[in-house]
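Novice: Handing you a structure now.
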Amino acid sequence: MSLLQQQQILARLLTDVELRQQFELNGPATLLSLGISNADADALLALAQSQLKLFADTLLQKRLHMITKMLPRSSQAMGTEFKALFKQYAQTPLPDLAQKHLQDALQFVSWLQLNLPAEQASWRELLDYEAVDLKTRLPGRGLIFRRYHFAVWQQDIAQQSPALCLWLRLNPGANWWYLRLPIWSNLYKVKE
Amino acid sequence: MFNPLSLQSLPPLGVGLGFRAPFASALLKTETKHSAVDFLEITVEHYLDVGPAKQQELSALKERYTLIPHGLNLSLGSAEGLDFDYLKQLSSLIQQLDPPWWSEHVCFTRAGGIQIGHLSPLPFSAEALDVLSENIETVKQQISTPLILENITYMLSLGGELKEAEFLAELCNRTGCGLLLDITNLYINSVNHAYDAYAFLDKLPLDQVVQLHFVGGHSEQGYLIDSHSHPTPEPIWALMEEVLKRAPVKGVILERDDNLPTFEDLVFELERARKIGQRYGRWP
């Protein structure tokens with residue numbers, strides 16, 4: 001088997017949970033389904049399943065760890081649910097971009113917005129708030145506008161505190177401006 | 001082919017730290033550099049395609065420290081070749097920083113359109129050597145700054161005609177690159193794959209070791225993991241002593257990522273490394 005073919009198969013086995021489970025159950029049939037001949041399959045079949053699984057698990061742990069760092073408050077608020085949902089999401093490939101972990105976190109938030117139950121409105125809003133914060137780390141100008149029902153900027157996100165939030169960067173070389181306008185009280189500027 | 005004079009002429013940098021955002025306040029507190037930190041290693045990917053805040057941070061660091069770019073995602077071992085958009089961005093960053101050298105890993109991180117997300121091992125084979133050599137030659141045409149190559153940890157053993165140390169020695173010989181010897185990775189591999197780390201050193205081209213990485217990891221399911229999460233354990237300090245005694249190392253980097261201690265704890269480790277290097281005349 002060529003190095004090219006070996007790397008392509010390994011990349012799939014390391015990142016695709018279902019494929020890896022098939023490979024664990026029936027390696028030769030899985031490799032045959034991927035177009036690998038029996039003669040070429042020997043090198044891959046010789047891989048210790050335990051090493052393959054541990055390495056793949058390590059990759060997954062690292063990915064979760066990076067996403068948790070990117071979404072610290074959401075991961076804390078969601079507790080064990082965050083990890084459980086990440087495991088479902090992790091079938092989605094890691095983005096092939098320069099800021100791959102940041103993009104992965106944004107992709108995870110989008111996935112959660114589609115998959116979280118409707119009653120988890122405060123989680124949805126906190127995830128969105130942290131995602132916007134991540135977007136402000138990327139280059140370019142922008143205007144982002146949101147209406148929140150919960151106090152996502154505070155420790156206690158369950159508290160109802162309707163507000164409009166605005167992020168603005170007119171010049172790509174400048175810092176973002178952030179305004180929060182409580183809907184029932186006076187307008188004030190929170191921070192630059 | 002390797003030209004020893006080109007690596008020997010690199011400047012001694014001393015003792016440094018892999019820069020992470022939580023260290024910024026300590027490292028940028030004053031107008032000059034922190035007294036315990038001679039230089040910094042920055043992760044290339046943290047400064048590609050970023051907004052002005054990170055660019056400002058990079059400028060502030062560059063004003064105070066020599067910065068060594070450390071890449072994670074060039075995928076030098078990819079048999080399908082390099083990502084030229086990424087290479088262009090990398091080249092631009094290195095040009096901006098003008099470092100004495102830069103570093104990448106002996107591994108692959110993408111294949112068949114899949115981003116693996118971590119450093120994945122290569123077989124220690126002639127074919128892998130050919131792929132690496134060709135990719136490194138392509139890189140050298142874009143980036144003239146000396147490149148040094150880091151050994152990784154591997155849980156998967158992919159075989160090959162060579163032993164790991166022979167593979168690294170041949171790679172350095174063919175490409176003329178220096179070695180970034182991660183002594184933590186060496187120690188972890190020696191434990192996980194049951195070999196003698198000191199015998200491994202005997203087979204390396206020690207005159208081509210330019211820089212070291214060191215830190216502590218953790219244990220999981222009977223394997224050591226290079227999680228960069230704990231203080232450097234004694235066997236790794238012993239390896240550092242041995243390498244600094246024998247190799248013309250120009251700098252060492254403490255590479256702590258997780259379970260971060262106080263900055264004073266990091267300084268304590270840096271000072272210990274500094275003294276070892278001074279003992280063998282590696283830096284003032």
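Novice: So, of the residues in the range B:140-163 that are open to solvent by less than 20 Å² (accessible area, probe 1.4 Å) and under 17 Å from the mean Cα position of the chain (by Cα), which turns out to be farthest from the other protein chains (Cβ to nearest Cβ)?
Specialist: For the range B:140-163, the residue satisfying everything is B:I148.
Novice: Looking at B:A273, B:A197, B:A238, which is the one that is modelled with pLDDT of 95 or more, small (G, A, S) and open to solvent by 40 Å² or more (accessible area, probe 1.4 Å)?
Specialist: So the residue among B:A273, B:A197, B:A238 that is modelled with pLDDT of 95 or more, small (G, A, S) and open to solvent by 40 Å² or more (accessible area, probe 1.4 Å) is B:A238.
Novice: Condition first: assigned to a helix (DSSP H, G or I), surrounded by fewer than 19 Cβ atoms within 10 Å (Cβ to Cβ) and in contact with a strand residue (DSSP E or B) (Cβ under 7 Å, 6 or more places away or on another chain). Can you find one or more residues in the range B:169-191 that meet it?
Specialist: yes
Novice: I'm told A:M1 meets every condition in (1) touching a residue at least 40 places away in the same chain (Cβ under 8 Å); (2) in a helix (DSSP H, G or I) except one. Can you identify the failing condition by its number?
Specialist: (2)
Novice: Next question. Which of the residues that make up the range B:43-72 are in contact (Cβ under 8 Å) with a residue 40 or more places away in the chain, within 14 Å of chain A (Cβ to nearest Cβ) and open to solvent by less than 10 Å² (accessible area, probe 1.4 Å)?
Specialist: Passing the criteria: B:V44, B:L48.
Novice: Filter the range A:69-103 for residues that are open to solvent by 50 Å² or more (accessible area, probe 1.4 Å) and within 24 Å of A:W153 (Cβ to Cβ); which is farthest from the other protein chains (Cβ to nearest Cβ)?
Specialist: Within the range A:69-103, the match that is farthest from the other protein chains (Cβ to nearest Cβ) is A:E81.
Novice: If you don't mind, there's one more thing I want to ask. If a residue must be of a type in the set (G, A, S), in a helix (DSSP H, G or I) and either outside the structural domain of A:S110 (by TED's automatic domain parsing) or without any contact (Cβ under 8 Å) to a residue 24 or more places away in the chain (or both), how many such residues does the range A:76-91 contain?
Specialist: The total comes to 1.
Novice: Regarding A:A11, is this residue outside any loop (DSSP other than H, G, I, E, B), among the small types (G, A, S) and closer than 26 Å to B:D130 by Cβ?
Specialist: The answer is yes for A:A11.
Novice: Only one of these is touching a strand residue (DSSP E or B) at 6+ places or on another chain (Cβ under 9 Å) and of a type in the set (A, V, I, L, M, F, W, C): B:V50, B:V37. Name it.
Specialist: After ruling out the rest, the residue left standing is B:V37.
Novice: Further question: From B:F84, B:F108, which residue is closer than 21 Å to B:D226 by Cα and either open to solvent by less than 20 Å² (accessible area, probe 1.4 Å) or within 14 Å of chain A (Cβ to nearest Cβ) (or both)?
Specialist: From the options B:F84, B:F108, the qualifying one is B:F108.
Novice: Within the range B:25-52, can you find the residues that are more than 29 Å from B:D85 (Cα to Cα) and of a type outside the set (V, I, T)?
Specialist: B:S25, B:A26, B:L27, B:L28, B:K29, B:E31, B:K33, B:H34, B:S35, B:A36, B:D38
Novice: Quick test for you: out of A:L13, A:L112, A:L106, A:L34, pick the one residue that is at pLDDT 90 or above, open to solvent by less than 70 Å² (accessible area, probe 1.4 Å) and outside the structural domain of A:A151 (by TED's automatic domain parsing). Can you show your working first?
Specialist: Details: A:L112 fails: outside the structural domain of A:A151 (by TED's automatic domain parsing); A:L106 fails: outside the structural domain of A:A151 (by TED's automatic domain parsing); A:L34 fails: at pLDDT 90 or above.
After applying the criteria, what remains is A:L13.
The values are calculated or read from the model by the stated rules, or taken from the named source; none is laboratory data. Please read all numbers here as calculations on a predicted model, not as lab measurements. Neighbour counts run over all protein chains shown; Cβ positions are idealised from the backbone, glycine included. Calculation scope for accessible area: heavy atoms of the full protein, side chains included, ligands and nucleic acids excluded. Shrake-Rupley method; radii C 1.70, N 1.55, O 1.52, S 1.80 Å.
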